[in-house]
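The values are calculated or read from the model by the stated rules, or taken from the named source; none is laboratory data. Being a predicted model, the structure only gives us computed values, none of them experimental. Cβ placement follows ideal geometry from the backbone for every residue including glycine, while neighbour counts extend to all protein chains displayed. Note: accessible area is taken over every heavy atom of the protein model, side chains too, but ligands, DNA and RNA are not part of it. Shrake-Rupley method; radii C 1.70, N 1.55, O 1.52, S 1.80 Å.
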Amino acid sequence: VSPTTAAHVRADLGNDVDAILDGGPCAVGIESTIIDCSGGAVRVLRHGGVPLERIAELLGRDVVAARDGEGPSAPGRLGAHYQPRARVEVVGHIDAAVGEARVLLEAGSRAGLLAPAPVPVDLPPGLEVVGEPADAEEYARILYRSLREADLRELDVLFVVAPPASGIGAAVEDRLRRAAAK
């Protein structure tokens, strides 16, 4: 899971580095957008902080998203990537998350929830909310912190309701899909 704070970097690198400069948490949270302009079409290899729609607007031309395995290799394009120790389950709606969580909680598993605000107050006992972002931009900022939080809380499963997959939400959806890959 990518680091977004100096504390994450320290946790990942330990004593392998002498000093870490702390400029505060990452403003965007998810990594940069990677585009390929080497062919006829401009292709987004990795969705990131600059949405596909904005790149198209800036270039004044169509931009397409490359599919996995298409185009040159780029960081963050493995099918399974950004994975915490907790299993990530992406669900379409909070009701699905709550229903699946109930079953796991009754079986003794530890479960968490990451879903857009507002999260209902009548959640099953034991379902831990690790984040409830107000919009896709906040989702991008807190995504990796939330995945790390799931591990700090020793959750077995983190249920996630993704934001709409447009704008920066497409990058969040991409990271969630990779975090949930088997």
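Which of the residues that make up the stretch 1-19 are open to solvent by 40 Å² or more (accessible area, probe 1.4 Å), of a type in the set (Gly, Ala, Ser) and in a loop (DSSP other than H, G, I, E, B)? Scanning the stretch 1-19 gives a single hit, Ala19.
When residues in the stretch 149-166 are screened for being touching a residue at least 60 places away in the same chain (Cβ under 8 Å), open to solvent by 20 Å² or more (accessible area, probe 1.4 Å) and small (Gly, Ala, Ser), 2 of them pass. Of the listed requirements (1) modelled with pLDDT of 85 or more; (2) open to solvent by 40 Å² or more (accessible area, probe 1.4 Å); (3) aliphatic (A, V, I, L, M); (4) outside any strand (DSSP E or B), Ile55 misses just one: (2). Determine which single condition Asp22 fails, assuming it passes every other condition in (1) over 20 Å from Glu173 (Cα atoms); (2) open to solvent by less than 40 Å² (accessible area, probe 1.4 Å); (3) not in a helix (DSSP H, G or I). Against the list (1) over 20 Å from Glu173 (Cα atoms); (2) open to solvent by less than 40 Å² (accessible area, probe 1.4 Å); (3) not in a helix (DSSP H, G or I), Asp22 comes up short only on (2). Of the strands (runs of 3 or more DSSP E) contained entirely in the stretch 61-137, those carrying at least 2 residues that are within 21 Å of Glu154 (Cβ to Cβ), modelled with pLDDT of 90 or more and open to solvent by 60 Å² or more (accessible area, probe 1.4 Å) fall at 87-91.
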